[in-house]
Structures are given as structure tokens and as C-alpha cells.
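Visitor: One structure is given below, represented as C-alpha cells, and several questions about it will come after.
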Amino acid sequence: MKNKLYQNFVKNKQQGKKSLAVLIDPDKVDAYKIEQLITLATNAKVDYLLVGGSLIISSNLDECIQQIKSSCDIPVILFPGSPAQVSKYADALLYLSLVSGRNAELLIGQHVVSAPFVRKSGLEIMPTGYMLIDGGAPTTVSYISNATPIPSDKNEIALCTALASEMLGMKLIYMDAGSGAKRAITESMIQMVSSQIEVPLIIGGGITDPEKAYLNCKAGADVIVVGNAIEKDPALIKEMATAIHSLAVTA
Ligand code: 1GP
């Protein structure tokens, strides 16, 4: 089926089913760690594995994804910090446009340069309006992107940015406080944005406990992304998944 994973996102949203995506930074894992994460993720029924990072130094992206794909059925979605992080071994690509910033390179420039090989990769492409929200301190993504994040209390800016992205044709909105953010995105911002957009909403950055993940979902997040907290304590996968999956499915 064309756009199989995206159809899955949409179906889950319609049914009120909330999902957990575990973010794997290829720089921070070795083969042993990947195996450990996959076992925990499979047992916890994790919905997606996101692979990528704002800055990747090692060159083991393909190997990392091949290992994941050979040991589990959880869909692998690329979350690239640059066009160099495109691997044909994944299932899909968050085709990110940094809509909260005014850096033309990250809005469209890098997409133009990499378009032919992204198309050739055969990956499912998910056009994503990527919004950086201030998380209380500079993060790797805010530094690398050279873009000012949306202030954490400016819900209306977040809403207008998300609405504009949706009207421009973005199929997903990803609001991110940045990896390791001191402050995760507020429920009031999530609520305001989710109540007025139709496409699935991904939330991440600084989510360290299951209660926060649960509250984010109740506020309207469809997919919760957790990276750092799980890197530090992989056993958290189970608690996060249980909290997120505990929300009632409506249809
Ligand atoms: C970062 O949203 C992701 O882009 C995940 O953030 O590592 O803080 O969980 P954390």
C-alpha cells in the first residue's frame, strides 16, 4: 500500500490511539545496545523507532538500521538532521521543513539539493512541518539550525505556524523542544495546536517521565518521541509505552 505508514498515523489519530516512538541516535549506540533496546521495545509494543539526530558524527547509520530491521518488525522512520542521514534501509523518512525558523536552507534549500537521491531511495516520504519550541536552554538542534525557537509561552505563534504548515500541505506536524530540553512543551500549547489541525501531531523533547507523556497525549499529542530519558534508563520504555497506550481508543 502506498504511504502505508502515514495511513497508519492517520488511522490511529482517527481512533484516538496514541503511539510511542523511541528515538535512537546512531552515535550513542553500539550493536549490543541496539539489541537491548530492540528487545525492550518489542516487549513494550513500541510503535515506531526514529533514527537520526541533529548532528551525527559516526558513519554507521546504514549498519544501525540494518541491524534493527533484521531483528524486529517495528517500523523505522528516519529523523534526519541533514540529507546525509538518508538510508534506503529504513521504512520512511520524516521529510522535515523547519517551519518555525527563517533559515531558507532548512525550509527548502537542502531539500532541493538532495531531492533526486531522496526520491531514488524508495523511502516512504512523510512531509513534516518541524517546529522548534524553546525548551529552556539552547539544544543541539537550535544551535545547528541557526533558528530561533518559538517561545514556550507563545501558543498562538505555534498555532499559526502549524496552521500555515498544514495549509501548505505538510502531512505531519512535529513540535520539538529539542533533545534533552530542560522544559518539555506545555500541555496548553499542545492542546491549542491539536484542537485546530487535522494532521497527526508528534511531540518530543525533554519528556522524561511517563506521567508527562500521558498528559501530552491527553492534551492532543498523537505520537510521543522519547530519546534521552530512554538512553539513560532503557527500562523506561515499558513505563512510557504503558502510560501512552493506556489512553482509550474511541473507534
Ligand atoms: C528530540 O524530540 C526528540 O528531537 C527527543 O527528545 O531526547 O529529549 O527525548 P529527547
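Visitor: Once amide H atoms are placed 1.01 Å from N in the peptide plane, what residues at a sequence separation of 5 or more from TYR95, or on another chain, have their amide H within under 5 Å of its amide H?
Guide: Counting only residues 5 or more places away or on other chains, the set is MET126, THR128.
Visitor: Could I ask something else about it? Once you charge only the Cβ atoms, +1 for Lys and Arg and -1 for Asp and Glu, what is the size of the charge dipole of the stretch 4-250 about its Cα centre, to the nearest 20 debye?
Guide: Values: 21 positive and 24 negative charges, 82 e Å.
Value, rounded to 20: 400 debye.
Visitor: Spin-label point model (7 Å from Cα, Cβ direction): what's the GLU105 to THR242 distance in nm?
Guide: 4.5 nm
Visitor: Still on this structure: First check a/c for the stretch 4-250, with a ≥ b ≥ c the square roots of the eigenvalues of its C-alpha gyration tensor; if it is under 1.5, answer rounded, and if not, answer prolate when a/b is larger than b/c or oblate otherwise. It would help to have the intermediate numbers written out before the result.
Guide: On the way: a/c = 1.35, a/b = 1.07, b/c = 1.26.
Cα axes put the stretch 4-250 in the rounded bin.
Visitor: OK, next. Charges on Cβ only, +1 for Lys and Arg, -1 for Asp and Glu, centred on the Cα centroid of the stretch 4-78; of ILE57, VAL46, PHE9, which one is farthest towards the dipole's positive end?
Guide: PHE9
Visitor: Here is a follow-up. Which residue fluctuates the most in the chain, going by a Gaussian network model with Cα springs under 10 Å, if the choices are ILE197, ILE185, ILE24?
Guide: Result: ILE197 has the largest fluctuation of those listed.
Visitor: Just to confirm, what accessible area per residue do you get for the stretch 4-250 at 1.4 Å probe, in whole Å²? Please list the in-between numbers first.
Guide: Numbers: 11160 Å² over 247 residues.
Per residue, the stretch 4-250 has an accessible area of 45 Å².
Visitor: Next up: For a quick check: with amide H placed at 1.01 Å from N, whose amide H comes under 5 Å from GLY81's, ignoring anything fewer than 5 positions away on the same chain?
Guide: GLY53
Visitor: What is the distance in Å between the Cα centres of the stretch 89-146 and the stretch 1-36?
Guide: For the stretch 89-146 versus the stretch 1-36, the Cα centre distance is 17 Å.
Visitor: Out of GLY227, GLY109, GLY135, any idea which swings most in a Gaussian network model of the chain, alpha carbons joined below 10 Å?
Guide: Most flexible of the set in this elastic network: GLY109.
Visitor: What residue among ALA229, ALA104, ALA21 has the largest mean-square fluctuation in a Gaussian network model of the chain, using Cα springs under 10 Å?
Guide: Between ALA229, ALA104, ALA21, it is ALA104 that shows the largest mean-square fluctuation.
Visitor: Keeping all protein chains in position, work out how much accessible area CYS160 exposes to a 1.4 Å probe, and write it in Å² to the nearest 10.
Guide: Roughly 80 Å² of CYS160 is accessible to a 1.4 Å probe.
Visitor: Then there's this: Cα atoms only, the stretch 1-125: Rg and Dmax in Å?
Guide: That works out to 14.9, 42 Å for Rg and Dmax.
Visitor: Counting only pairs 8 or more residues apart or on different chains, how many lysine pairs in the stretch 127-251 have their Cα atoms under 21 Å apart?
Guide: Details: LYS154/LYS182; LYS154/LYS212; LYS154/LYS218; LYS182/LYS212; LYS182/LYS232; LYS212/LYS232; LYS212/LYS238; LYS218/LYS238.
Total qualifying Lys-Lys pairs in the stretch 127-251 comes to 8.
Visitor: When the helix-only estimate is applied to the chain (DSSP H runs of n ≥ 4, each -39,500 (n - 2.57), divided by the residue count), what is the mean residue ellipticity at 222 nm, nearest 500 deg cm²/dmol?
Guide: Details: 10 runs with 99 residues, N = 251.
Using -39500 (n - 2.57) per qualifying helix, the result is -11500 deg cm²/dmol.
Visitor: What does the net charge come to around ILE77 if you take all other residues with beta carbon closer than 11 Å to its beta carbon, with K and R at +1 and D and E at -1?
Guide: Details: positive: none; negative: ASP47, ASP91, GLU124.
Summing Lys and Arg as +1 and Asp and Glu as -1 gives -3.
Visitor: I've got another one for you. On the protein heavy atoms, probe 1.4 angstrom, tell me the percent of accessible surface of the chain carried by carbon and sulfur. Mind showing how you got there, number by number?
Guide: Working: 6450 of 11650 Å².
Exposed carbon and sulfur together represent 55 percent of the surface.
The values are calculated or read from the model by the stated rules, or taken from the named source; none is laboratory data. Here the structure is a predicted model, which is why all the values come from computation and not from measurement. In this analysis, Cβ positions are derived from the backbone assuming ideal geometry, glycine residues included, and neighbour counts consider all displayed protein chains. Keep in mind that these areas ignore ligands, DNA and RNA; they rest on the heavy atoms of the full protein, side chains included. Shrake-Rupley method; radii C 1.70, N 1.55, O 1.52, S 1.80 Å.
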